[in-house]
Amino acid sequence: MPKKQLKFIDPLTGTNAPSDALTVNEAADSDKAIYSCLKAPKRLKGIDLFCGIGGFRLAMQENDVDCVFSSDIDKFAKQTYEANFNEVPAGDITRIDSKDIPSFDILAAGFPCQPFSYAGEKKGFEDSVRGTLFFDICRILKYHKPAMVFLENVKGLVSHNNGRTLATILDNLRKLGYYPHWKVLSSLDYGLPQKRERWYCVAFREDLPFEFPKPIGGHPTLRDIVNLDDNSPQLAISKFEIDRIDYHFAHCNEAERVQHSNAKYAPNTKKGKYGVFSFQKPDGSLRFHVGDPAKTQIQEAFYSCLDTYAPTIIANRTPKLWDIRRKLSVLEAKRLQGFPDDFIMPVSDAQAYKQLGNSVSVPIIKLIMKNMIDTYEKEIKK
C-alpha cells in the first residue's frame with residue numbers, strides 16, 4: 001500500500017511545507033489526525049506533604065499538576081486518600097530520605113497546625129513531635145530546590161511567640177534561596193460559608209511579583225449547603241442544648257446577655273463560679289460564654305443558623321445550627337470545606353468530621369495555586 005505524504009505548517013513562514021519525515025499508512029487518513037512541529041508544554045510535578053485526605057491534591061488536579069509523591073502519618077487519612085486517588089501515601093516524612101522523593105516543581109504542605117493553633121497548646125517549635133516538621137520541609141527543599149513552595153497553617157502562626165515563629169519560617173525559606181509571600185485569608189471571602197482564617201505562603205526561587213487572589217464577593221450562607229430534608233437522629237443536638245437555646249429566646253428580651261442557671265456546676269469550676277451567659281450576634285449566631293456579662297469571657301458554645309456562616313470546623317468540633325436543632329452532616333461538612341459531594345469518606349462519621357476539620361478549604365487552595373503557577377509560567381516565558 002502506498003504511503004501518504006502529510007503536510008505541516010512551517011512555524012517561520014506560516015505556509016504549508018511537505019515533510020518526508022511525516023508519512024503514515026492509509027489507515028491514518030482520519031480527519032482527527034493533528035500534526036504539530038511544536039513540542040507540548042511540560043506538565044508541572046508536585047509533592048503533597050502532610051497530605052491528609054487530599055485537599056492540596058484536588059488543587060493540583062484542577063491546575064494540571066501531576067502529583068508524584070504524597071506523605072502522611074495518619075492511617076485513617078491515608079485510607080481516605082487512597083479511596084479517592086488510588087495511591088497510598090508514604091508514611092512518616094521524618095523517616096524518608098530526600099533523595100528517595102522524585103524530582104518535582106511544587107512542594108505543597110499544610111504542615112501540622114496544632115503547635116500554633118488556638119485550639120491546641122500553642123507550643124510551636126517546642127512541640128518535639130509536630131512543631132519541628134517544618135524543618136523536614138526545609139530539608140527536602142534544600143535537596144530538590146523546586147521552583148515553587150505552597151504552605152498553609154493556622155492564623156495563630158502569625159502571632160505565635162510574639163511573631164518569632166513566623167520570622168523563623170520566613171528566614172529559613174530565604175536562606176534556602178526562596179522569596180516568600182504570605183497573607184491571612186478567610187474562606188468566607190472565597191465562596192464558603194465558613195469563617196476559616198488561615199495563613200498561606202507562596203515562595204519562588206526568584207523575586208516574582210505574586211498577588212494572592214482577590215475575594216470573589218458575596219458571602220454564601222449555610223442555607224446554600226444544608227439539606228433541610230436530612231433529619232437523621234444522629235445529627236440532633238442534645239436535650240440539654242435544646243433546653244438552654246429555648247431558655248435564651250424565652251428571656252432575650254429582658255437583657256442583651258441572658259444568664260443561665262449554674263446550679264448544676266460545681267462551685268469551684270469556672271462555670272460554677274462565674275456562670276454561663278448567652279447572647280445573639282447581629283449575624284444570627286448564638287454564643288454561650290463563661291464569665292460576667294460585660295467583661296472578658298471564655299466562649300463555651302457557638303451555634304450558627306441557616307442564614308449565617310459556620311465557625312471554623314476543627315477536628316473535635318462540628319458546626320451546629322440552633323434553628324434546625326442539629327449539627328452538619330458529613331456531606332454538609334464536605335461542602336463546608338469545598339470538597340465535591342462524591343468525595344469518598346471510607347471511615348466512620350467521627351473520623352470523617354476529624355479529617356475534614358484537619359483539612360484545607362479546597363476552593364481557596366485552588367485559586368492560590370492557579371495564581372502561583374500563572375506567575376511562574378509568565379516569568380519563564382519572558
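For a paramagnetic label modelled on residue 179 (point 7 Å from Cα along Cα→Cβ), amide N atoms under 17 Å away belong, within the stretch 209-226, to 209-212. Among the listed pairs 75/381; 214/270; 183/354; 195/381; 183/378, those whose Cα-Cα separation exceeds 32 Å are 75/381; 214/270; 195/381.
Distant-in-sequence amide contacts of residue 359, defined by a placed amide H-H separation under 5 Å and a gap of 5 or more residues or a different chain, comprise nothing. Diffusion of the stretch 222-346 by Stokes-Einstein, at 4 °C in a medium of 1.567 mPa s and with Rh set to the Kirkwood radius over alpha-carbon pairs, works out to 82 µm²/s.
Across the stretch 273-382, C-alpha contacts under 8 Å between residues 6 or more apart give a mean separation that, scaled by the residue count, equals a relative contact order of 16 percent. Report the relative contact order of the stretch 222-346, percent, no decimals, based on alpha-carbon pairs under 8 angstrom and at least 6 residues apart. Taking the mean separation of contacting Cα pairs over the length of the stretch 222-346, I get 22 percent.
Here, each number is a calculation from the coordinates, and none is a lab measurement. Here the structure is a predicted model, which means the values were calculated and not measured. A quick note on method: Cβ atoms are made from the backbone with ideal geometry, for glycine too, and the neighbour counts reach across all protein chains shown.
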